[in-house]
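Okay, so here's the structure we're looking at.
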Amino acid sequence: MSWLTAEQALEKLGTKPQTLYANVSRGRVRAKPDATDPRRSLYSAADVTRLAERHAGRRKTETVAADTIQWGDPVLPSAISTILDGRLYYRGHDAAAWAEHATLEETATLLWNSGQIAAAPGEALEAAPSLERAFVLLAQRVTHDLPTLGRSPKVLKAEAQSILSSVSGALAPDTSALPLHLRLAMSWRRPEAADCIRRALVLLADHELNASTFATRVTASSGATLSAAVLSGLSTLTGPLHGGSWQGVASLVEDVNALGASATVRQALTQGRSLPAFGHPLYPDGDIRAKALMSQFSLPPSYAELARAGQEIIGESVNIDFALTAMTAVFDLPANAPLVIFALARTVGWLAHAMEQVESGHLIRPRARYTGPSIETSLKA
């Protein structure tokens, strides 16, 4: 693999250093320390060239198709949610404004275009929210639920509500009929966190065609059960570049406590490590979900210092992964609370997209651009 210095990369891209650093933090450009000078970084020539060609509009058809899957142009129609001019919308409703008053159940009603939704009380088989049990319950349903093909939207919506009850029974275990944010707050014995949890659940319910939602739609497009589609989404969510990003944020905060915020950010950039706390490709002016959630509490000192350092050095605002991790610290929630909240919230969106995909009647089946060994077109004598 060929590598470029920062100066060479900036000349090729025609951008400012902050933009290059932002592309590194977003995973668009790979970087590594310069062996001759550990204080400097080298950048993947292939990644830089790809970005330069994309910006210059010199893309071939196959490159356009590949870039579309990587934060590119829309690839399929959906009436569920969209991001436009830095705002997130749920079926035309501004999600940040919606989160001021709505519950996750009301958000499900909106996204599913359905009647009133209420998750059934759980059996309280677990003393605390359990992602492991959510996986088990969904896997058990996959083997018993019916495929989606040939079933009416009304029947599928009823099954979706049942699946939401299964997931919430694992992630918000409580025998009461309280709204899910209250059940989750009570299961953590943090009633004072209930309203922030409610806002987070609503803000995370859907986010257009993200990785886990695309996985959900691919599964649903095959006619598989709704529970299988949600299981696909949940599996994808656990990745460190998606719902698991909170661990990277928590690690950065630990470094801030040991080194200071500025040194932490500079060290990560020098070592070519990503900075999961900052930026989002769809929100060039800052993640609106993070702003809406963080408006409800004051950041702990180490988080506030990290946010300032990131803005000054990278030129990026903090994102929803940062906000969720900060909320966890503020209310002293369990360490994996960000992923639990994310999974419970996004189950609503996954089910909305799965049902929409079923209704479209299309199988999602892209083509691969072959890059393997030369193919023999004739047999040797």
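The values are calculated or read from the model by the stated rules, or taken from the named source; none is laboratory data. Here the structure is a predicted model, which is why all the values come from computation and not from measurement. Cβ atoms come from the backbone with ideal geometry, glycine included; neighbour counts cover every protein chain shown. Side chains are part of the model used for accessible areas, which takes the heavy atoms of the whole protein and leaves out ligands, DNA and RNA. Shrake-Rupley method; radii C 1.70, N 1.55, O 1.52, S 1.80 Å.
How much of the accessible area of the stretch 123-240, probe 1.4 Å, is carbon plus sulfur, in whole percent? Please list the in-between numbers first.
Details: 2830 of 4650 Å².
Here carbon and sulfur together make up 61 percent of the probe-accessible area.
Three principal axis extents describe the C-alpha atoms of the stretch 276-381; from largest down they are 75, 39, 28 Å.
For the stretch 248-381, averaging the sequence separation of C-alpha pairs within contact (under 8 Å, six or more residues apart) and dividing by the residue count gives a relative contact order of 23 percent. Given the -39500 (n - 2.57) contribution per DSSP H run of 4+ residues, what per-residue ellipticity at 222 nm results for the chain, rounded to the nearest 500 deg cm²/dmol? Helix-only estimate at 222 nm: -16000 deg cm²/dmol. Between Ala97 and Leu149, the C-beta separation translates, for a Förster distance of 41 Å, into a calculated FRET efficiency of about 0.65. Kindly state, to the nearest 0.05, the FRET efficiency for Ser176 paired with Asp85, given R0 = 51 Å and r defined as their beta-carbon distance. So the FRET efficiency works out to roughly 0.80.
A value for Cα extents along the principal axes in Å was derived from the coordinates, and within the list [x] 62, 51, 43; [y] 70, 62, 38; [z] 65, 53, 35 it appears as [y]. Each Cα pair under 8 Å and six or more residues apart adds its separation to the average, and for the stretch 110-228 the resulting relative contact order is 38 percent.
Exposure check, 1.4 Å probe, all protein chains in place: His101 carries approximately 120 Å² of accessible surface. Taking all protein chains together, Lys32, Lys157 sort by accessible area into Lys32, Lys157, largest first [probe 1.4 Å]. Contact order, relative form, for the chain: 22 percent (alpha carbon pairs under 8 Å, 6 or more residues apart, mean separation divided by residue count). Between Thr270 and Gln311, the simple spin-label model (points 7 angstrom out along Cα→Cβ) gives 2.5 nm. List residues of the stretch 272-312, by number, whose backbone nitrogen lies under 11 Å from a label position 7 Å along Cα→C-beta of Leu259. Zone members listed by number: 272-273. Computed with a 1.4 Å probe over protein heavy atoms only, the accessible area of Leu178 comes to about 80 Å². Between the C-alpha center of the stretch 335-353 and that of the stretch 184-239 there is a gap of 3 Å. Computed over the chain with a Gaussian network model linking Cα atoms closer than 10 Å, the most mobile of Ala97, Ala337, Ala215 is Ala97. Residue ranking by accessible heavy-atom surface, 1.4 Å probe, largest first, among Asp287, Asp145 comes out as Asp145, Asp287.
Given a 1.4 Å probe and heavy atoms of the protein chains only, how would you sort Tyr90, Tyr370, Tyr21, largest accessible area at the top? Write down the numbers at each step before the final one.
Working: Tyr90 0, Tyr370 140, Tyr21 65 Å².
These residues rank, largest area first, as Tyr370, Tyr21, Tyr90.
Take the Kirkwood radius over Cα pairs of the stretch 145-243, plug it into Stokes-Einstein at 25 °C and 0.890 mPa s, and you get 164 µm²/s for translational diffusion.
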